[in-house]
Amino acid sequence: MRKPLAGLVFRAPARRKCRAGKAKPVRHRNLVLPPPAGWPADRGSVTVEAALVLSAMALVLVLGAAAVNAVLGQLRCVDAAREAARLVARGEAERVAEAVHRIGPARAEFSVTRDGDTVRVEVAAAADAGLLPGIRPRAEAYAVLEPELVESGQATPGPPTPPGSPATRTGDDTRIG
């Protein structure tokens, strides 16, 4: 059997003469080397990613706190409206403003409307252009007046009182018509 490389002569590559300190790098055509450690293009990428994640987490935390604040304002409006309706139904209308300002959110506005033997109280928080604009907590509560209040004429039966009439109150006004 004949050897496939028989008759071929291999020569060693010619040696290049290099002077000391002037060696040329050897280049290989199809050899791909990994980038050296500390490649300049990757420097600082972890720092940028960490900064983006931390700022996103801070934004989520602030929006979450604003949402919790809005929910608490709504709950305070509900509690204030319910207590004010109970006070009016028992005949203690002069204490409504104090109760709304004590229980309700800061700068809360309220209105009291009587219709026959029922009373409706609406409490709304002041519109703040905070982190969640357009959200204004507000609540309504209904109560049935005590029978002696209806019989004594303190509650006027008839259609609902329109806004702006003496039976509607806002803020510290303590008169009920």
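The figures follow:
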quantity: Only listed residue being surrounded by fewer than 18 Cβ atoms within 10 Å (Cβ to Cβ), under 24 Å from the mean Cα position of the chain (by Cα) and on the phi < 0 side of the Ramachandran plot, chosen from ALA127, ALA108, ALA139; calculated: ALA127
quantity: Residue check, ALA56 more than 35 Å from the chain's Cα centre (by Cα), at pLDDT 60 or above and surrounded by 10 or more Cβ atoms within 10 Å (Cβ to Cβ); calculated: no
quantity: Residue that is modelled with the lowest pLDDT, among those in the range 142-160 that are of a type in the set (Ser, Thr, Tyr) and over 37 Å from the mean Cα position of the chain (by Cα); calculated: THR156
quantity: Options ALA125, ALA80, ALA89, ALA106; residue that is in contact (Cβ under 8 Å) with a residue 12 or more places away in the chain and farther than 25 Å from VAL144 by Cα; calculated: ALA106
quantity: Answer residue from the range 80-95, given it is of a type in the set (Asp, Glu) and assigned to a helix (DSSP H, G or I) and is surrounded by the most Cβ atoms within 10 Å (Cβ to Cβ) among those; calculated: GLU83
quantity: Residue match in the range 103-121 (condition: modelled with pLDDT of 90 or more and assigned to a helix (DSSP H, G or I)); calculated: yes
quantity: Extreme residue, surrounded by the fewest Cβ atoms within 10 Å (Cβ to Cβ), among residues of the range 111-124 that are among the small types (Gly, Ala, Ser) and more than 28 Å from the chain's Cα centre (by Cα); calculated: GLY116
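The values are calculated or read from the model by the stated rules, or taken from the named source; none is laboratory data. From a predicted model like this one, the values you see are computed outputs, not experimental measurements. We place every Cβ from the backbone using ideal geometry, glycine too, and count neighbours over all the protein chains shown.
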